[in-house]
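One structure below.
What follows draws every value from the coordinates through simple rules; no lab data is involved. None of the values given here were measured: they were computed from a predicted structure. Because the Cβ atoms are built from the backbone with ideal geometry, glycine has one as well, and the counts that use them run over all protein chains shown.
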Amino acid sequence: MSVIAAPSSLAPAAAGRDAWLVPRRQAWFAFVMAFLLMTLDFVDRQIVVSMFPVLKAEWQLSDKQLGALVSAVSITIALFSFPIAVISDRWSRVKSIALMAGVWSLATIACGLTRNYAQLLAARAAIGLGEAGYGAAGGALLTSMFPARRRATVVAGFLAAASIGSVLGVVMGGVITARWGWQVAFGIVGVPGLVLAVAFLWVRDYRTVPLVDRDAGRMGARAAFLALFRPRSAVAAYFGGALQLMAVSTLLVWLPSYLNRYHDLPVEQAGIRSAIVVLVGSVGIVFWGYLADRRAAADPRAKLLVPAAALVVGGLLLSGAFGLVAPGPAQFALVVAGGFLVTAASGAVPSVAIDVIHPGLRATAAAMVAVVQNLFGLAAGPLIAGALSDAFGLAAALAVMPLFCLASAAVLALGARAYPADLARIEALPASVEAA
């Protein structure tokens, strides 16, 4: 592994928001490697959802217990994202990513060796320990290499790998479980991550950026922490993204079970149908991130307003599909359309947080996004939906949860008002921050 100088994106005023920050070949190699690891990350995370019908029958589990198998990963990510991201920011993004990939891959393999629910729940939580800082470190690494005006698009493309990984996880989980059993499925998907973890060490890192504030000089730990909450647009990105993910995670986790119960599809077919929705959602991440970037060139507020508008429409479509339309082709078509819209903030939210936080805290800012989104979004969504399903039925739960998209849109719209001023404050940082 080699190290490159702290990139010129750390002083946008000096380099320009359209400039390439490292040679393009280096940037795209880093993107491909990060994309592949993010794909495997979500294969390992989401493969369990296709196993729900089998696990429910084998161990007599409730929907709340099944939802906890997903929420356990997100809770562990929320607990460890911040400290791991601080280490990544002050040590090495590349080495941290390689180490974390090895941990979550071994934990995935361990899931296949469990013999009861408690063991599987613990192994799932260990997957979250490995994944805790990956998204933050990967996002920081990529935004240090690409032009500033492409950040939402690049981050959206990076995060689209999560949806592709979810697609593969859902499909592979259904197919392998139906043919060889759920234990074998965990073992098969865990091995590739170990290979990529070693290969990632060939990605070039950037030099650690000193924590120097324009007004206060060198920043201490307390000042660095407070800096994460100073920009109002960053706070809106944290919590607006979490509210969105309450709906998105519910859809990704519970759709295979819904199709199995209400459309009478076998596990394998339910996984394939669900994968279509996830794949469309991944296209939505890239499309809305690109559109937000394009519109933000004329009006920076569009970086949050574009996804906010899409979330309103998507939330209403999904809520109506599960609450008002009978199971069948028309309902599934509405779910696909809603899936394309409700992922709209996934690229813009971390991009905005990274834009308005001190350059030396980029991975830490992305980690704060991960902490809030995992704790209040990815962990809460499947668990709340599972509890609602136990009480009122899965269809009712899936009709209620998309309404959180409306709350997300309102928070993002408020953040859009503060975003131009927050962005200008970061762009005024002296070029010496980069040079150091």
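Numerical summary
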item: Tensor-based shape of the range 98-193 (alpha-carbon gyration tensor, a/c under 1.5 rounded, otherwise prolate or oblate); result: prolate
item: Neighbour net charge for residue 301 - beta-carbon separation under 14 angstrom, K R +1, D E -1; result: +1
item: Those lysines that a straight Cα-Cα span of less than 19 Å connects to residue 56, excepting residues fewer than 8 apart in one chain; result: 64
item: Degrees between helix 24-46 axis and first principal axis of the chain (Cα, 0 to 90, nearest 10); result: 30
item: Over the chain: helical MRE at 222 nm, DSSP H runs n ≥ 4 each giving -39500 (n - 2.57), nearest 500; result: -25500 deg cm²/dmol
item: For the range 275-418, alpha-carbon Rg and Dmax in angstrom; result: 16.0, 52
item: Rounded tilt (10° steps) of 362-373 against the dominant C-alpha axis of the chain; result: 30
item: Tail fraction, Cα-Cα pairs, the chain, threshold 41 Å, whole percent; result: 12
item: Cα centroid of the range 298-361 to Cα centroid of the range 379-430, whole Å; result: 9
item: Spin-label zone in the range 63-87 - amide nitrogen under 14 Å from a point set 7 Å from the Cα of residue 391 along the C-beta vector; result: 64
item: Student exercise, the chain dipole from Lys, Arg, Asp, Glu Cβ charges, in Debye to nearest 20; result: 720
item: Net +/- balance of residues flanking residue 422 in space, Cβ distance below 9 Å, scoring K and R +1, D and E -1; result: +2
